[in-house]
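Colleague: This structure is in structure tokens; I'll ask about it shortly.
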Amino acid sequence: MAQTLTISRPDDWHLHLRDGDMLRAVLPETYRDFARALIMPNLVPPITTAQEARDYKDRINALLPEGSSFEPRMTLYLTENTVPSDVRHAHENDVIQAVKLYPAGATTNSASGVTNFERITETLETMADIGCPLCVHGEVTDPDIDIFDREAVFIERVLQPIKSQHPKLNIVMEHITTQDAVDFVAQCDDSVGATITMHHLFINRNHILAGGIRPHYYCLPVAKREEHRQALRKAATSGNRKFFLGTDSAPHLDSLKEQACGCAGCFTATNTMPLVAQVFDEEGALDRLEAFTSLNGAAFYKVPKNRETLTLERSEHPVAFPKSIESATGPVTVFDPGQDIYWRVAREKQQ
Ligand code: DOR
Ligand code: ZN
């Protein structure tokens, strides 16, 4: 008999769904396995007001099948012009559950992000006051800083000062990629957590660059050395409640990734759960999978764990996953772990 594992239905605490044709194509890949997802606001133009967040949520909900209980949880894109009372209002009325900080120019559609961090002080004060979490893209954008050092330098120059200035503020350091980030988050009090993606548990920088350049492994923050990947696997499988799953699944058309200047993002929604199960199996930590995918994030965001479940099963033979999904404007490649995977979601056993 195949080995099975039933866990509370997981949540994705960091997800890019885009809009229009792309939203339509990628949304089923997430609601199939996940109960809730925190939706990133880096649309073009970004979601900066409560009304925009409300409208975007309506567009997502309109594409859910009849009877779906999937819950998109919305975020606002923090700019230097964000009005603190708007954030208060949006959070108090449950329109948004978090605010996202992008340093200007750090990643895809981050041009409206923050350049001068002093200009967001009042907003952060308000957020600390009302208990609205700040989700942080943790990379400096200074061209003098090597891309592989940008996360570590961000902790020192930006995150640590923000934390000292706003000790009560709940902060999620998103998609961490380094031992430095693991250590920083681990030594903070419980107001600071971190998301870890599935793909950073599989790839290091060699996977992107050795033996040819692999555009579908390029994302930001970029994968680092092997020792950092190992640190992430250790943190994710540790059971430490500060670490939880945020896929950062970020669809881009293949035509935009496979070119002279390809954009950043790995599309992982389709196979995240089997691949995460594979990692926990390899690390001898299947008993802690549920904490990482379904409990720790819910506890951080102060929502109950999901009552529905998801069952995973271990197959005797390697499992095949779709190579890509189709959108109306072209294919989007699904993340390829580059190794055999023995886990799959047991669809027929789901409620
Ligand atoms: O690789 C990434 N892609 N990192 C991000 O932070 C943004 C994302 C996107 O929106 O494509
Ligand atoms: Zn992201």
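The values are calculated or read from the model by the stated rules, or taken from the named source; none is laboratory data. Note that the coordinates shown come from a computational prediction; the quantities given were computed from them, not determined experimentally. Ideal geometry is used to build each Cβ from the backbone, glycine not excepted, and the neighbour counts take in all protein chains shown. Just so you know, the surface numbers come from the protein's heavy atoms only, side chains and all, with ligands and any DNA or RNA stripped out. Shrake-Rupley method; radii C 1.70, N 1.55, O 1.52, S 1.80 Å.
Colleague: Considering each of V26, V44 in turn, give the residue that is more than 20 Å from I120 (Cβ to Cβ) and open to solvent by 70 Å² or more (accessible area, probe 1.4 Å).
Modeller: V44
Colleague: Starting from the stretch 4-17, keep only residues that are open to solvent by 10 Å² or more (accessible area, probe 1.4 Å), then list their pairs with residues that are among the hydroxyl-bearing types (S, T, Y) and within 16 Å of ligand 2 (Cβ to nearest atom) whose Cβ atoms are within a distance under 7 Å, requiring at least 6 positions of separation or different chains.
Modeller: From residues that are open to solvent by 10 Å² or more (accessible area, probe 1.4 Å), the pairs are H16/S249.
Rundown of residues vs (1) within 21 Å of W13 (Cα to Cα); (2) touching a strand residue (DSSP E or B) at 6+ places or on another chain (Cβ under 9 Å); (3) not β-branched (V, I, T), yes/no style:
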residue: G265; (1), (2), (3): yes, yes, yes
residue: R288; (1), (2), (3): yes, no, yes
residue: P318; (1), (2), (3): no, no, yes
residue: Q339; (1), (2), (3): no, no, yes
residue: A346; (1), (2), (3): no, yes, yes
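Colleague: Give me a count of the residues in the stretch 140-193 that are surrounded by fewer than 15 Cβ atoms within 10 Å (Cβ to Cβ) and either modelled with pLDDT under 95 or within 16 Å of ligand 2 (Cβ to nearest atom) (or both).
Modeller: Of the residues in the stretch 140-193, 2 are surrounded by fewer than 15 Cβ atoms within 10 Å (Cβ to Cβ) and either modelled with pLDDT under 95 or within 16 Å of ligand 2 (Cβ to nearest atom) (or both).
Colleague: Next question, about the same structure. If I ask for residues that are within 16 Å of ligand 2 (Cβ to nearest atom) and either aliphatic (A, V, I, L, M) or over 20 Å from T268 (Cα atoms) (or both), which ones from the stretch 219-231 would you list?
Modeller: Result: L220, V222, A223.
Colleague: So I39 passes all but one of these: (1) touching a residue at least 40 places away in the same chain (Cβ under 8 Å); (2) open to solvent by less than 10 Å² (accessible area, probe 1.4 Å); (3) within 14 Å of ligand 2 (Cβ to nearest atom). Which condition number does it fail?
Modeller: Just one mismatch for I39, condition (1).
Colleague: Taking only pairs six or more apart or across chains, which ones have beta-carbon atoms under 7 Å, a first residue in the stretch 142-159 that is under 15 Å from Y102 (Cβ atoms), and a second residue that is modelled with pLDDT under 95 and open to solvent by 30 Å² or more (accessible area, probe 1.4 Å)?
Modeller: V158/F117
Colleague: Conditions: (1) open to solvent by less than 30 Å² (accessible area, probe 1.4 Å); (2) over 15 Å from the mean Cα position of the chain (by Cα); (3) within 16 Å of ligand 1 (Cβ to nearest atom). I196 meets all but one. Number of the miss?
Modeller: (2)
Colleague: Next question. If M127 passes every condition in (1) in a loop (DSSP other than H, G, I, E, B); (2) away from ligand 2 (no atom under 16 Å from the Cβ); (3) open to solvent by less than 40 Å² (accessible area, probe 1.4 Å) but one, which one does it miss?
Modeller: M127 satisfies every listed condition except (1).
Colleague: Related question: Output the residue which, of all residues in the stretch 263-293 that are closer than 19 Å to R241 by Cα and under 14 Å from the mean Cα position of the chain (by Cα), is surrounded by the most Cβ atoms within 10 Å (Cβ to Cβ).
Modeller: Ranking the qualifying residues of the stretch 263-293, first place goes to T293.
Colleague: Additional query: Among the listed residues A260, A235, identify the single one that is among the hydrophobic types (A, V, I, L, M, F, W, C), away from ligand 2 (no atom under 16 Å from the Cβ) and open to solvent by less than 10 Å² (accessible area, probe 1.4 Å).
Modeller: The unique qualifying residue is A235.
Colleague: Please go through (1) at pLDDT 95 or above; (2) farther than 23 Å from I130 by Cβ; (3) touching a Pro at 6+ places or on another chain (Cβ under 7 Å) for P65 and return the number of the only condition it doesn't satisfy.
Modeller: P65 satisfies all of (1) at pLDDT 95 or above; (2) farther than 23 Å from I130 by Cβ; (3) touching a Pro at 6+ places or on another chain (Cβ under 7 Å) except (3).
Colleague: Could you grab me the full set of residues in the stretch 248-262 that are part of a loop (DSSP other than H, G, I, E, B), over 11 Å from T333 (Cα atoms) and under 14 Å from the mean Cα position of the chain (by Cα)?
Modeller: Across the stretch 248-262, the qualifying residue is only D248.
Let's see how each residue does on (1) within 16 Å of ligand 2 (Cβ to nearest atom); (2) of a type in the set (A, V, I, L, M, F, W, C); (3) in contact with a helix residue (DSSP H, G or I) (Cβ under 9 Å, 6 or more places away or on another chain):
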residue	(1), (2), (3)
N81	no, no, yes
D86	no, no, yes
H89	no, no, yes
E92	no, no, yes
Q97	yes, no, yes
L101	yes, yes, yes
A106	yes, yes, yes
S110	yes, no, no
T115	no, no, no
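Colleague: Same structure again: Looking at the stretch 1-24, which of its residues are within 24 Å of P304 (Cα to Cα) and either touching a helix residue (DSSP H, G or I) at 6+ places or on another chain (Cβ under 7 Å) or not β-branched (V, I, T) (or both)?
Modeller: Listed by number, the residues that qualify are L5, I7, S8, R9, P10, D11, D12, W13, H14, L15, H16, L17.
Colleague: Could you please find all residues in the stretch 130-139 being surrounded by fewer than 20 Cβ atoms within 10 Å (Cβ to Cβ) and of a type in the set (G, A, S)?
Modeller: G131
Colleague: Sort out for me the helices (runs of 4 or more DSSP H) sitting completely within the stretch 1-97 that have 1 or more residues that are within 20 Å of the chain's Cα centre (by Cα).
Modeller: 20-31, 50-62
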